[in-house]
Amino acid sequence: MARLHRAHRPALIVLLLHVVACRDDPRPPTPPTPPPPAPSATAAPLAPLVRLPAADQPSPQAQFSPDGRRLLTCCLRRDVDGAPTWSALVWDLTSATLVADLPHDDHISRRGTPPQVAWSPGGQLAITVQPNDVALWSTSGPSPGTSPVWSGPASYGYLAVSADATRLLTGTTDESVHLLDLTTKQILHQTPPVPATGLRVDLAWAPDDTVALVDGALWSRNGKDLGNPPLGGRWPNDAPLDHRWHHDTLFVAAHDAITAIDPTTATVRWTHPHARPPIDPHPTAPLLAHLTESGEVALLDTTTRIVSTRFTGPRFERRDDTRDDSLAMRFSPTGAHLVVQRALDPIAVCDVAKKQCHPLAMVATENAPAPQWRGDVVFLQGAGVLAWSPDSSKRWHVEAKPDHLGFDVTPDGRHAAFALGSEVRLVRLRDRRAVRLTARPGPKNVVGEMEPAGLDLLAP
């Protein structure tokens, strides 16, 4: 873990988190852990906010809705046959109530796998994903969560829902892709099945829902194939690839080049060679962060297509072993800072104006989510969660076993949720107030409670 000079250490913050638990957890209770020791002169620059107990299996996820008023979590209980089963739970944080129980266990393998959970971009649908199938649930109406709006087999993680929640792109186990109208449940377009060739499936909707990126081709929302820009065809599973929609341009980094595409006509505007993913467009300036052929973080002027010689970021040489070599980079909302992470390496933060980069006290784990910026604070996941900001008073760190902590933060950056095993902890970061949510099986459905009662956690 990287260390900062003592003079740059931020003020230490102490945070008390309460437990969001499923009372009917079939596993034995975790014994309480002692409080963290006081920091010493050689301690890491960020004191942990809380010591979390070790989990005996990968943690379920937790995700806030796009408006930040609902929380989607998982709960482990016993099924009617006594076997462990997972349900996704939807909490309405404004009324402190549990509004939906979405049962979606891995019934084929019965491994007790927690589903991946997510919201559709507009927040109309809750999504639960298992290795063998996917389900979409409406959380509004008189009986939310009674049955899924749509469910079916899907290759793990290969799906994209449009922002208006009327279109679904999903990849299947035979490597075909379907475009589904969620209103009529009709398939609007599909690709033919292909032999198991180890090719990846990449699906993404444009921000305005007019077109979608499907394996290098562009489809309209009604299923018309707009064409296949010359990106080199489909990519192997281990091929580095990244794409970003930015204003009226789609940037794609693949096959050691960056391609700018007009999504309305599926034509290539320009190509910049000798470049590697990941990429991220600057929010206000005509700059695109990327890796050079030698692995250095660089800034490409998208108007002149000239790489800035005044900025040089950290260098990431290609790995020749089996370790995860994927990277992610994200600009802050103002573009003042750029965070770059690669699995098993210290995460780096770059001051774009000062042209300086330094490592943070966090090593990214394999399959870690991309950095999440909320204002001037970035939230990073590795062996726990790190919140970093140029303002040292906003920095904090929660320690946990890698791959055993689910985490999310609201779009406004005011609230955070921590999921560990069957526990979820919900915190208002402004004053470190916390609530305890409890889910327990009732006569007909799951009953949810919030403690302390009456606390308006969403109050500004």
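Every number in this text was worked out from the coordinates using simple rules, so none of it is lab data. This is a predicted model, so every value here is computed, not measured. Cβ: placed from backbone, ideal geometry, glycine included. Neighbour counts: every protein chain shown.
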Relative contact order [Cα under 8 Å, 6+ residues apart], the stretch 236-315, whole percent: 18 percent
Karplus 3J(HN,Hα) series, Hz, for the stretch 274-287 with 6.51 cos²θ - 1.76 cosθ + 1.60 (x for Gly, Pro): 6, 9, 10, x, x, 9, 7, x, 5, x, 10, 9, x, 10
Net charge contributed by nearby residues that have their C-beta within less than 12 Å of residue 294 (K/R +1, D/E -1): -1
Distance in nm between pseudo-label sites at residue 99 and residue 69 (7 Å out along the Cβ direction from Cα): 0.7 nm
Cα centre as origin, Lys/Arg/Asp/Glu Cβ charges: the stretch 360-437 dipole, Debye: 400 debye
Amide H partners (placed H, <5 Å) of residue 433, local residues excluded: 428
Distance in nm between pseudo-label sites at residue 265 and residue 440 (7 Å out along the Cβ direction from Cα): 6.5 nm
Sequence ranges 294-307, 116-129, ranked by mean other-Cβ count within 10 angstrom, highest first: 116-129, 294-307
Backbone HN-Hα couplings from phi across the stretch 332-342 [Karplus 6.51/-1.76/1.60, Hz, Gly and Pro as x]: 5, x, 8, x, 6, 10, 10, 9, 10, 9, 9
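For a quick protection proxy, order the peptides 180-187, 63-70, 359-366 by their average other-Cβ count within 10 Å, most packed first.
Going by the mean number of other Cβ atoms within 10 Å, highest first, we get 359-366, 63-70, 180-187.
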Spatially proximal lysines relative to residue 224 (Cα-Cα < 26 Å; intrachain offsets below 8 disregarded): 185
Segments 92-99, 273-280 sorted - mean Cβ within 10 Å per residue, highest first: 273-280, 92-99
Separation in nanometres of the label points that stand 7 Å from Cα toward Cβ, at residue 317 and residue 210: 4.6 nm
Residues whose placed amide H lies under 5 Å from that of residue 343, excluding near-sequence neighbours: 326
